[in-house]
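Asker: A single structure is presented below for examination.
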Amino acid sequence: MELHQFRHSAFCEKVRLLLARKGLDATIVEVTPGLGQLELFRLSGQRQVPVLVDGGEVIADSTAIALHLEATHPQPPLLPADPLARARVLLLEDWADTALARGARLALLQAAVGDPVLRAALLPEATPAPLRDLVGALPGGLLGSATEAMRDLLGPCEVRQLHRSLEQLALLVAQRPYLEGDGLTLADLAVAAQLYLLKFPVCAGAPLAGRGVEGIADNPVLEPLFAWRDRVLAEVGRD
């Protein structure tokens, strides 16, 4: 298998969690923005990651990859056999991949505008060191228009909704180890993957580990949520 990815994409993290849970190895191919995406288009017909190559099959989209892996490698299962439980898992996954993903992505971009360490560390791995240093060293004042653009994209109502959703998740996982049923499901992995962007886990490596979105990563109310995320990572061997 080959996983074509961006390292700090939450959807690529989701697929890495899926592979780890299934005990599957894949060669990681880091896609270079621009030229690398053209090559990805020739391979898969689209420019977005993640893309999994499994033998003669090329599968794009994290949910499609999850369903493919569940069909080809059913153990351990990530979707319940019970139709109602399965529906709840898929609904939670869809919410994580849409509403939570949008809020997390924009919150991180907003935070990166004001945090030079985040800005530099989130650049693609192939970024030359001088350019990485330049991006990290840009004065905050030069990024004022970018800050305003981020505020327009993630307005006060959306910020409040993101915080409410995270607080509700924190309450939920403080009472139970998994979002649905008695074991890990696709819902747990999808939510944990999006939380990757809000407070980077140890597996993100230096200098990102422990950093994140101010007001979320350092919010004591959300400590149970990130502790739960870290337990999920440990359970699949991604700690």
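Asker: Given q = 0.17, 0.18 Å⁻¹, what are the Debye log10 I(q)/I(0) values for segment 1-98, with equal point scatterers placed on the Cα positions and solvent ignored?
Answerer: Log10 of I(q)/I(0), two decimals: -0.75, -0.83.
Asker: For the pair Arg42/Ala174, report the inter-label distance in nm, with labels modelled 7 Å from Cα in the Cβ direction.
Answerer: So the two model labels end up 5.4 nm from each other.
Asker: Another question, then. Out of every Cα-Cα pair in segment 3-47, what percent are more than 15 Å apart?
Answerer: 46 percent
Asker: Provide Phe41, Phe6 ordered by accessible surface of protein heavy atoms (probe 1.4 Å), highest first.
Answerer: These residues rank, largest area first, as Phe41, Phe6.
Asker: Ignoring ligands, DNA and RNA, what percent of the accessible area of segment 1-123 is carbon or sulfur (1.4 Å)?
Answerer: The value for segment 1-123 is 59 percent carbon and sulfur by accessible area.
Asker: Could you give me the ³J(HN,Hα) list for segment 46-51, computed from phi with Karplus coefficients 6.51, -1.76, 1.60 and θ = phi - 60°, whole Hz, x at Gly and Pro?
Answerer: Per-residue couplings from phi come out as 8, 9, 8, 9, x, 10 Hz.
Asker: Here is a follow-up. Ranked by accessible surface with a 1.4 Å probe, highest first, in what order do Glu167, Glu180 come?
Answerer: The residues order as Glu167, Glu180, largest area first.
Asker: Continuing with this model, one more query. Could you please state how large a percent of the accessible area of segment 194-239 is carbon and sulfur, counting protein chains only and using a 1.4 Å probe?
Answerer: 52 percent
Asker: Expressed as a fraction of 2.2 N^0.38 Å, the rule-of-thumb size for a compact globular protein of N residues, what is the C-alpha radius of gyration of segment 167-215?
Answerer: 1.28
The values are calculated or read from the model by the stated rules, or taken from the named source; none is laboratory data. It should be emphasised that the depicted structure is a prediction, and the values quoted were computed from it without experimental measurement. Every residue, glycine as well, gets a Cβ built from its backbone with ideal geometry; the counts of neighbours run over all protein chains shown. Accessible surface is based on the protein model in full, side chains and every heavy atom, while ligands, DNA and RNA are left aside. Shrake-Rupley method; radii C 1.70, N 1.55, O 1.52, S 1.80 Å.
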